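The values are calculated or read from the model by the stated rules, or taken from the named source; none is laboratory data. Since the structure is predicted, the reported quantities are computational estimates derived from the model, not experimental observations. So basically every Cβ, Gly included, is an ideal-geometry build from the backbone, and we count neighbours across all protein chains shown. Note: accessible area is taken over every heavy atom of the protein model, side chains too, but ligands, DNA and RNA are not part of it. Shrake-Rupley method; radii C 1.70, N 1.55, O 1.52, S 1.80 Å.
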Amino acid sequence: MFKRKKVKIGGQTYLMTTRRTDKKCDKAVVGEKLQKALVAAKCNQLLRASFRDASGKIIGTVGVANLKTSAGASKVVSVGSGKEREEYLKPLPGKDKVTKLLGTGEAFVGEWRHGHYAVMVWFQYKDGHLPKKTEVKKLNQAAFGTADATITPALESRSLTGKRP
């Protein structure tokens with residue numbers, strides 16, 4: 001996962017600035033309910049990678065948790081859902097001048113299940129401002145596009161063949 005350091009999504013280029021594997025999954029998220037759900041679902045690793053767009057305006061982290069069952073993944077995803085975001089992926093700051101700001105502002109956060117994996121995202125504007133509706137759409141596109149370009153092929157390959165691509 002996260003093998004490509006540069007991905008293109010709809011004409012926009014995103015660069016991976018850092019990645020990390022956490023064996024203690026609960027340390028890679030925020031929120032007691034989400035932490036407990038990951039432990040209960042027997043999460044054995046949570047991979048995170050952070051990205052920035054070419055302009056340096058949009059930054060974000062994509063994470064994928066490896067859980068024992070798809071039911072466990074569903075439970076993890078349901079805990080993170082809701083209007084008030086209190087349970088979410090911990091953003092992974094990079095060492096560059098742009099992604100080092102991850103986690104210092106308002107963000108679009110989301111999660112979904114892919115088999116026995118829970119995919120989570122945190123995307124924000126570099127300056128951390130509260131995004132307007134049109135800006136949320138851009139964050140959404142960046143988050144889902146980056147995840148689709150970096151982890152979806154690996155997850156689909158594992159789902160179909162049981163092997164890494």
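For the reader, a short list of remarks on this structure follows.
- Some residue of the stretch 28-45 being surrounded by 15 or more Cβ atoms within 10 Å (Cβ to Cβ), outside any strand (DSSP E or B), touching a helix residue (DSSP H, G or I) at 6+ places or on another chain (Cβ under 9 Å) and of a type in the set (S, T, N, Q): yes
- Residues considered: LEU102, LEU92, LEU155, LEU67. Of these, the only one that is within 17 Å of LEU47 (Cα to Cα), touching a residue at least 60 places away in the same chain (Cβ under 8 Å) and in contact with a Leu (Cβ under 8 Å, 6 or more places away or on another chain) is LEU92.
- Selection of the stretch 120-134 for residues being open to solvent by less than 40 Å² (accessible area, probe 1.4 Å) and of a type outside the set (Gly, Ala, Ser) yields MET120, VAL121, TRP122, PHE123, GLN124, TYR125, PRO131.
- Filtered residue count, the stretch 106-119, keeping only those that are open to solvent by 70 Å² or more (accessible area, probe 1.4 Å) and assigned to a loop (DSSP other than H, G, I, E, B): 1
- All positions within the stretch 1-23 that are modelled with pLDDT of 95 or more and not in a strand (DSSP E or B): LYS23
- Among all residues of the stretch 67-83, there is at least one that is within 15 Å of PHE123 (Cβ to Cβ) and not β-branched (Val, Ile, Thr).
- Only one of GLY103, GLY56 that is open to solvent by 20 Å² or more (accessible area, probe 1.4 Å), of a type in the set (Gly, Ala, Ser), over 18 Å from ALA149 (Cβ atoms) and in a loop (DSSP other than H, G, I, E, B): GLY103
- Within the stretch 59-69, the only residue that satisfies the criterion of being open to solvent by 10 Å² or more (accessible area, probe 1.4 Å) and under 18 Å from the mean Cα position of the chain (by Cα) is ASN66.
- The stretch 70-94, residues that are part of a loop (DSSP other than H, G, I, E, B) and surrounded by fewer than 20 Cβ atoms within 10 Å (Cβ to Cβ): SER81, GLY82, LYS83, GLU84, ARG85, GLU86, PRO93
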